[in-house]
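**Student:** Sharing a structure with you now.
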Amino acid sequence: MIAIDLGSNTIRFIEYDGVSWGKSYEKIVRTAQSLHATNRICEDALVRVLDAIDEAKKHLDFSNNDVVAVTTAALRMASNGVEIIARIYEHCGVKFKIIEGEREAQLTLLAVKNRLNELQINSDNFVLADIGGGSTELIAFNHEKTHTVSLPIGIVTMSEKAVDASMLRQLLDDFERKTALFCRSLGSTVDIPRLVLTSGTPTTIAAYRMGMNYSNYDPMKINGSTLTRADCVATYQELMEMDESTRAVYVGVGREELIATGILMIESLFEGLNLEEALIIDDGLREGVALSYTKLN
């Protein structure tokens, strides 16, 4: 089967046969471009999504695989989300399903737990944070019990709302307060044993610290690596000193302007949870979709 995750910034594809992972493909499509201002998915974003699906069909075997496609925050928020899904289906025959934040969190947790188990890392008790383009999912997992919150803010929506540095600081402070509130909601005596981060920003930072760039990114080297708050501070300073074209080599075309917001959000997350480091896992929603589908079929 082929699992597809259409996010607010990136569309990701992967093949899975129930035992092993096959080919994968992803493309930055900026689905949520101008969504904050218009409450709609714009035509330019739709064209990028359609082009990405057409490109993926050249890399992956769509004709001999079941295709399960989900989409998240951008389409949840857009007033024309149903229309966009219909137009995608008309163009390429792929039918996307809009999933709610809670389901997104469940599927992402499924993928991350699976990867932790493969890495032989204890997965009985941890907090998972998935900072996406349009929303942030926070999941506390403790021996099969979960506590989840979906915050309707991500790197794309925050970047668009932040008209200046002062507004960005206000939004980051609010994000930090909400992550701290989530931490307190777990109980005053709870000690978070491990923070796990997935999604594009933390994996990009981890790759950069290892000397990789967007073109030679290796998820197997990322999985199980550690990212510290100090890594975030250093990476932010170094990337901001680069010109935009050089920065794009490391973070990907379409992420040049967003990466700064993403790094600052991770720093705020560390602050809100009172932590200094996190474990990085590349697997996310698309892998969770694949694992869930194969368990049911």
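Every number here is computed from the coordinates shown, using simple stated rules; none is lab data. Quantities reported herein were computed from a predicted structural model and do not represent experimental measurements. A quick note on method: Cβ atoms are made from the backbone with ideal geometry, for glycine too, and the neighbour counts reach across all protein chains shown.
**Student:** So which GluC sites (Glu not before Pro) in the stretch 16-103 pass both tests, a DSSP loop state and at most 13 other Cβ atoms within 10 Å of the Cβ? If you can, show how the numbers build up before the last one.
**Tutor:** On the way: sites: Glu26, Glu43, Glu55, Glu83, Glu90, Glu100, Glu102; in loops: Glu100.
Qualifying residues, ordered by number: Glu100.
**Student:** Here's another thing I want to ask about it. For Ile98, enumerate residues with amide H under 5 Å from its amide H, sequence gap 5+ or separate chain, H modeled in the peptide plane.
**Tutor:** Thr71
**Student:** What does the charge count near Ile85 come to, summing +1 for each Lys or Arg and -1 for each Asp or Glu among other residues with Cβ under 13 Å from its Cβ?
**Tutor:** The answer is +2.
**Student:** Report the semi-axes of the equivalent ellipsoid for the stretch 135-200 in whole Å, largest first, where each axis is √(5λ) for an eigenvalue λ of the Cα gyration tensor.
**Tutor:** Details: eigenvalues 136, 36, 16 Å².
Here the semi-axes work out to 26, 13, 9 Å.
**Student:** Then there is this: Using Stokes-Einstein with the Kirkwood hydrodynamic radius over Cα pairs, what translational diffusion coefficient do you get for the stretch 58-206 at 10 °C and a viscosity of 1.306 mPa s, in µm²/s rounded to a whole number? If you can, show how the numbers build up before the last one.
**Tutor:** Working: Rh = 17.4 Å.
For these conditions, the coefficient is 91 µm²/s.
**Student:** Given Cβ point charges of +1 (Lys, Arg) and -1 (Asp, Glu) and nothing else, what value in debye, to the nearest 20, does the dipole of the stretch 60-154 about its Cα centre take? Mind dumping the intermediate values first?
**Tutor:** On the way: 8 positive and 12 negative charges, 23 e Å.
Computed about the Cα centre, the dipole is about 120 debye.
**Student:** So which GluC sites (Glu not before Pro) in the stretch 204-252 are both in a DSSP loop and have at most 14 other Cβ atoms within 10 Å of their Cβ? Don't jump to the answer; show the numbers that get you there.
**Tutor:** Working: sites: Glu238, Glu241, Glu244; in loops: Glu241.
The qualifying sites are Glu241.
**Student:** Charges on Cβ only, +1 for Lys and Arg, -1 for Asp and Glu, centred on the Cα centroid of the chain; of Leu197, Leu138, Tyr250, which one is farthest towards the dipole's positive end?
**Tutor:** Checked the options; the winner is Leu138.
**Student:** Take the alpha-carbon centre of the stretch 137-192, take the same for the stretch 76-94, and report the distance between them in whole Å.
**Tutor:** 29 Å
**Student:** Looking at the stretch 191-297, what % of the alpha carbon pairs are farther apart than 22 Å? Please report the intermediate quantities before stating the final value.
**Tutor:** Values: 1881 of 5671 pairs.
Here the long-distance tail beyond 22 Å is 33 percent of all Cα pairs in the stretch 191-297.
**Student:** With unit charges on the beta carbons (Lys and Arg positive, Asp and Glu negative) and the dipole taken about the Cα centre of the stretch 102-285, which residue among Leu172, Thr228, Val127 sits farthest to the positive side?
**Tutor:** Sorting the options by dipole projection puts first Val127.
**Student:** Any chance you could run the full-extension gain for Ser166 through Asp218? It's 0.36 nm times the residue separation minus the Cα-Cα distance, nm to one decimal.
**Tutor:** Values: separation 52, 0.36 × 52 = 18.72 nm, distance 3.63 nm.
The Ser166-Asp218 span can extend by a further 15.1 nm.
**Student:** Direction-averaged shadow area of the convex hull around the Cα atoms of the stretch 26-138, nm²? Don't skip to the answer; put the middle values down first.
**Tutor:** On the way: hull surface 32.7 nm².
For the Cα atoms of the stretch 26-138, the hull's average projected area reads 8.2 nm².
**Student:** In the stretch 102-285, with Lys and Arg counted as +1 and Asp and Glu as -1 at Cβ, which of these residues, Pro152, Leu239, Ile259, has the Cα nearest the positive end of the dipole, that is, farthest along it?
**Tutor:** Pro152
**Student:** Quick one: dipole size for the stretch 2-99, taken about the Cα centre, charges +1 on Lys/Arg Cβ and -1 on Asp/Glu Cβ, in debye to the nearest 20. Don't skip to the end; give the middle numbers.
**Tutor:** On the way: 12 positive and 13 negative charges, 53 e Å.
With Lys and Arg at +1 and Asp and Glu at -1, about 260 debye.
**Student:** Can you tell me how the stretch 245-297 classifies by the Cα gyration tensor, rounded, prolate or oblate, using a/c under 1.5 as the rounded cut? Mind showing how you got there, number by number?
**Tutor:** Numbers: a/c = 3.29, a/b = 1.40, b/c = 2.36.
Oblate.
**Student:** Same structure again: Pop out the ³J(HN,Hα) list for the stretch 244-252 in order, Karplus 6.51 cos²θ - 1.76 cosθ + 1.60 with θ = phi - 60°, rounded to Hz; leave Gly and Pro as x.
**Tutor:** For the stretch 244-252, the Karplus-derived couplings read 4, 5, 5, 4, 4, 4, 8, 10, x Hz, x marking Gly and Pro.
**Student:** Continuing with this model, one more query. Would you calculate, for the chain, the mean residue ellipticity at 222 nm contributed by helices, counting each DSSP H stretch of 4 or more residues as -39,500 (n - 2.57) and dividing by all residues, to the nearest 500?
**Tutor:** Details: 13 runs with 145 residues, N = 297.
The per-residue figure over the chain is -15000 deg cm²/dmol.
**Student:** Using the Cα centre of the stretch 102-285 as the reference point, and only Cβ charges (+1 on K/R, -1 on D/E), how large is the resulting charge dipole? Debye, rounded to the nearest 20.
**Tutor:** Numbers: 15 positive and 27 negative charges, 81 e Å.
So the dipole magnitude of the stretch 102-285 works out to roughly 380 debye.
**Student:** Neighbouring Cβ atoms within 10 Å as the yardstick, rank Met220, Met240, Met77 fewest first. It would help to have the intermediate numbers written out before the result.
**Tutor:** Numbers: Met220 7, Met240 11, Met77 19.
Ascending Cβ contact count within 10 Å gives the list Met220, Met240, Met77.
**Student:** When DSSP assigns beta bridges and you keep just the ones with both residues in the chain, what percent turn out antiparallel, to the nearest 5? Don't jump to the answer; show the numbers that get you there.
**Tutor:** Values: 29 of 43 bridges.
If we restrict to bridges inside the chain, about 65 percent are antiparallel.
**Student:** Here's another thing I want to ask about it. If you project the alpha carbons of the chain onto the principal axes, what extent comes out on each, in Å, largest first?
**Tutor:** Projected onto the principal axes, the Cα atoms of the chain cover 50, 43, 37 Å.
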